[in-house]
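Okay, so here's the structure we're looking at.
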Amino acid sequence: MDINLLLLDVDGTLTVDRGELALEPEAIKAIQRARGRIRIGLVTGNALIVAEALTKYIGLSGAPIIAENGCVIKVGSSTVMLSTLSARSIAEELIKRLGLRPTYQYPCRYLDMTLDVNGDDYNVVNRIKEELIKMGVEESYAVETSGYAVHLRPIECSKAAAIRRLCELINVDCSTVAFIGDSDIDAEAFKVVGLGVAVGNATRRAKEYAKLITRNPSGRGVAEFIELIMNGALMR
């Protein structure tokens, strides 16, 4: 297939492993080799300010960015918020009720709020969902784990919806987009692109939704996939 845009998740995908923060050198080298030949963007749960800094450090300055798990899009100098609702006030109430802690990025975020994983992250997700029901707002917010943090965001926001909107903004057909990720949050987004790719150590759900799974994990899987594109192997 023709790939007009390659979208990359960050945590667990560009990193050396899931749960690690260090970037995989092989992935960064592959991105820099592909620069100018493949249009590349980021789709991440990170705050926009973090994603913007990352694009500069890895040689993708000016690349399109989807941040906060689909709540915020940055294209050129334009920033688009995909909801008028922020999860901040609800997150702060949950912090009080459940004794949770905000992540270091919390103050920099707009709509999607992140809480530190405290033990079993799926257990934390379930506890939050139960509390949202008690608060009567369960239909307004989505709760998921990235493996790095628990995310609370407006229900209408998602990576899938943001990818569709990004494609409209930059006039790219979603069927010509490849998106590579590692987590449950990425799984739904695989449905809206032409090629959803899970790295080799992705979650079970991500692998179930992906059309292609790399042999290698995380960042080395990204490098592997970029080489496939550069070598024209996906055309065969």
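The numbers here are math on the coordinates, done by the rules we state, and not lab data. Computed from a prediction, not measured in an experiment: that's the story for all the values here. Methodologically, a virtual Cβ is constructed for each residue, glycine included, from the backbone with ideal geometry; neighbour enumeration extends over all protein chains shown.
A few notes on this one:
- Cross-link table Lys96/Lys159; Lys134/Lys191; Lys56/Lys191; Lys74/Lys96; Lys29/Lys191; Lys29/Lys56, entries beyond 25 Å C-alpha to C-alpha: Lys96/Lys159; Lys134/Lys191; Lys56/Lys191; Lys74/Lys96; Lys29/Lys191
- Fewest-first sequence of Tyr57, Tyr106 by Cβ atoms within 10 Å of each Cβ: Tyr57, Tyr106
- Exposure proxy ranking for Tyr122, Tyr148, based on other Cβ atoms within 10 angstrom of each Cβ and starting from the fewest, stands as Tyr122, Tyr148.
- Relative protection proxy for 4-12, 29-37, from highest mean packing down: 4-12, 29-37 (other beta-carbon atoms within 10 angstrom).
- Full extension of the chain between Met1 and Thr84 gives 26.2 nm of extra length, using 0.36 nm per residue less the Cα-Cα distance.
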